[in-house]
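Structure first, then comments.
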Amino acid sequence: MFSLLQIAVRNVLRNKRRTAITLAALLIGVSVMVSIRGLLNGLQRSLVQNVVQGQTGALQIHRAGFLKNVLSSPLGLDMPQDAAFERKLLSVKHVKAVSPRILFAGMINVADQTIFLGVQGVDPIREFQVVPLRAKTLDDKQQFASGKVADAMVVTEQLASALQGSNVPKGAPAALLAPDRDGALSGENVTLTGVMKLNMPGEKKIGMVRLDVAQRLLKMEGRATEYIVAVDNIDNIDQVAADLNVLLGKDYEVSTWEDIAAFIKQAMQRQNFILSLVASVFLILMLLGVANTMLMSVMDRTREIGTMMAVGVRRSKILGLFLMEAATIGALGGVIGGAVGSLIVLVLNRRGISVSFPGSNVPFTIQPFVTPTYLLTIVAIAGLGALLFAVYPAWRASRLRPVEALAGG
Amino acid sequence: MLRSHVLTLAAALLLLPALPVLAWADPTADELLKKYDSVMGPENFLATIQMTAHRDDGTTRTYKMTVLKKGSEKFRLSFAEPAAVRGQEMLRQGDNLWVYMPNLKRAVRLANRDSFQGGDFNNADVLRVNYQADYSAKTVADPSRADAWELELHAKTKDAAYDMVKLWLRKSDLQPVKGEYYTASGKMLRMAEFSEFKAYSGLMRPGKIQMKNMLATQRYSTMSWDAMDTHVDPPSGKFVLDDLGK
């Protein structure tokens, strides 16, 4: 067995040009697959971070039935917003921070113009402890996030331009109107301290006000419609969700970011599916190349095979020899390709790639990476695939008749 | 001269039997629309109105208000109850509509098609009753209702309360009995039933409208007129922004 491998390796090294061509095919195929996977990993990790730390938090808590009716902003499905309730939430293991929100639909009036918008009432300090990346979307030099402007409000760029052509003067007085919890029209004065960029696709006309302003406006002092939750490690969310569910009972629903931003999860699944399609095509082309060179090799070496048979080498050994040669090339190509791919990914990781989502204008950096498991898998696939695709040429070699083979086919 | 008079007389005599027929001819769409406006939005009036909104969760909320109207372009509405909206006022001048918020001490522009105090009427339903100006009308045959004329109205302006309206006026006295309100694409948004017909300072008209929300079918609102005086002549100074809150 060992001697067979030795001969196989020698044979591979003997015809340098043919080996080089086969290796090149494998190298390109494998390194491209590794690079694409690396890019996608980086993109997906950024996507998740962007959502979890910039928008939804790792988990959200609502009253049962809230998400089903979220479009009608049901203010009646509310919950306490006080220290006791928050202590209870923070007592759950792995919960790092929580912050209350009220989501509602309203109208904003600036000068003599009134526009509909979706509003989030948020705690100006704790909101950014749970979703720190969100602070980067604000252009008001932290005025809103400082919590020092009592009636501060920020609106999306899209809303600001709809309000005033291109820009709303900083500190512009405005009025926020909304039906209160009982449906009666209510209004509060606000000051537009700046604009925010959207970091997720979706509703574009959005504003953010301080929670206390929203509570006054909606006659909902001490109430909230949503709590966002940060966890110490994203891998613990299922555990935390289960614990919170037990703690809060059936009047509440606990959702993970995957439930809230289901489209992100779906997009990731779609990307993975497309990648595996592309990878399969690459793999098959690459392995067909291996099969082709093996077949050529069998043709070229007909005399040699005849000689081996004439001196008594068994057909099964010949079959084994050619399979071994293919596997050697496959493994070698896989390892080199994996190494080159990893190097590309590593360089890109160090550098970072700046991109932004369609429908959002907050650029962020993706850092590609691959897991060792993926690397091992791809090398194994290259080796075993080469073996599989060499079965036919090797079988052809083992079926040659010694006399004809010696005569040169 | 005499001859022509004789001829005229003869012609008149000949036509005489036809007169009752003329009187019984179907009213035109424009006549019906004019009748609707004269009943629902008399030239000038001062009315005391109650609106009750019935919400999805079964709760209700009642608003009491007075509405003052001058000509076809000017409305002013003041809320009296509940306490949460006391002091709020609404003003219409032509196509412009504002709500005055007493705590903000200023008026904010509103859209015609916004919900009126979270109920199922919209602002134009309450503060813009001028169907002759807003819609082009045609009569359509409704075999299911022999007792009423059906009108189909299409909005002439985007400021109209709805894109398309179907209106039924009963044949006996041309009072409105039913309305259906649609989007441009033909989706029914609301359905109104008019009832409790009575005379308000000599004007016969419906005393109550029930407006059903056809999108959220648990919801409906009623509006009823406690009083309506059509013999008022309010000064124009009541219908300016600066007067709100005073």
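Data for the structure
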{"read-out": "Relative contact order [Cα under 8 Å, 6+ residues apart], the range A:98-227, whole percent", "value": "35"}
{"read-out": "For the range A:145-154, Karplus couplings with θ = phi - 60° (6.51, -1.76, 1.60), whole Hz, Gly/Pro x", "value": "6, 6, x, 8, 8, 4, 10, 5, 9, 10"}
{"read-out": "Nearby lysines by direct alpha-carbon distance to A:LYS93 (threshold 26 angstrom, same-chain neighbours under 8 apart not counted)", "value": "A:LYS250, A:LYS265"}
{"read-out": "Residue-averaged [θ]222 nm for chain B, counting only DSSP H segments that reach four residues, each worth -39500 (n - 2.57)", "value": "-4500 deg cm²/dmol"}
{"read-out": "Of all DSSP beta bridges in the protein assembly as shown, antiparallel share, percent nearest 5", "value": "95"}
{"read-out": "Helix axis angle, A:16-51 relative to chain A longest principal axis, alpha carbon, degrees", "value": "10"}
{"read-out": "Cross-link reach list, lysines versus B:LYS64, counting only Cα pairs under 25 Å and skipping chain neighbours closer than eight places", "value": "A:LYS219, B:LYS74, B:LYS105, B:LYS178, B:LYS198, B:LYS208, B:LYS212, B:LYS238, B:LYS246"}
{"read-out": "Positive minus negative residues near B:ASP56 (Lys, Arg vs Asp, Glu; Cβ under 12 Å)", "value": "0"}
{"read-out": "Cα centre as origin, Lys/Arg/Asp/Glu Cβ charges: the range B:83-226 dipole, Debye", "value": "300"}
{"read-out": "Relative contact order %, chain A, counting alpha carbon pairs below 8 Å whose residues are six or more apart", "value": "27"}
{"read-out": "Chain B: relative contact order in percent, alpha carbon pairs under 8 Å with at least 6 residues between", "value": "20"}
{"read-out": "For the range A:304-409: rounded, prolate or oblate by the Cα gyration tensor [a/c cutoff 1.5]", "value": "prolate"}
{"read-out": "Computed helical MRE - 222 nm, chain A, DSSP H runs ≥ 4 contributing -39500 (n - 2.57), nearest 500", "value": "-17000 deg cm²/dmol"}
{"read-out": "Rg over Rh [alpha-carbon atoms, Kirkwood Rh] for chain B", "value": "1.07"}
{"read-out": "Rg/Rg_globular for the range B:100-238, with Rg_globular taken as 2.2 N^0.38 Å and Rg from C-alpha atoms", "value": "1.14"}
{"read-out": "Whole-Hz ³J(HN,Hα) from phi, Karplus 6.51 cos²θ - 1.76 cosθ + 1.60, for the range B:63-68, glycine and proline x", "value": "10, 10, 8, 10, 10, 10"}
{"read-out": "Cα-centred dipole magnitude for the range A:263-362, charges only on beta-carbon of K, R (+1) and D, E (-1), debye, nearest 20", "value": "180"}
{"read-out": "If the convex hull is drawn through the Cα atoms of chain A, its volume per residue in Å³", "value": "172"}
{"read-out": "R0 of 51 Å, Cβ-Cβ distance B:ARG86-A:LYS250: FRET efficiency to nearest 0.05", "value": "0.80"}
{"read-out": "Accessible surface of the range A:98-227, 1.4 Å probe, proportion on carbon and sulfur as whole %", "value": "55"}
{"read-out": "From phi via Karplus (6.51, -1.76, 1.60), per-residue ³J(HN,Hα) for the range A:186-195 in Hz, x at Gly/Pro", "value": "9, x, 9, 6, 9, 10, 7, 8, x, 10"}
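The values are calculated or read from the model by the stated rules, or taken from the named source; none is laboratory data. Here the structure is a predicted model, which means the values were calculated and not measured. Note that each Cβ is placed from the backbone with ideal geometry, even for glycine, and that neighbours are counted across all protein chains shown. Ligands, DNA and RNA are stripped out before the accessible areas are found, and what is left, the full protein with its side chains, is counted by its heavy atoms. Shrake-Rupley method; radii C 1.70, N 1.55, O 1.52, S 1.80 Å.
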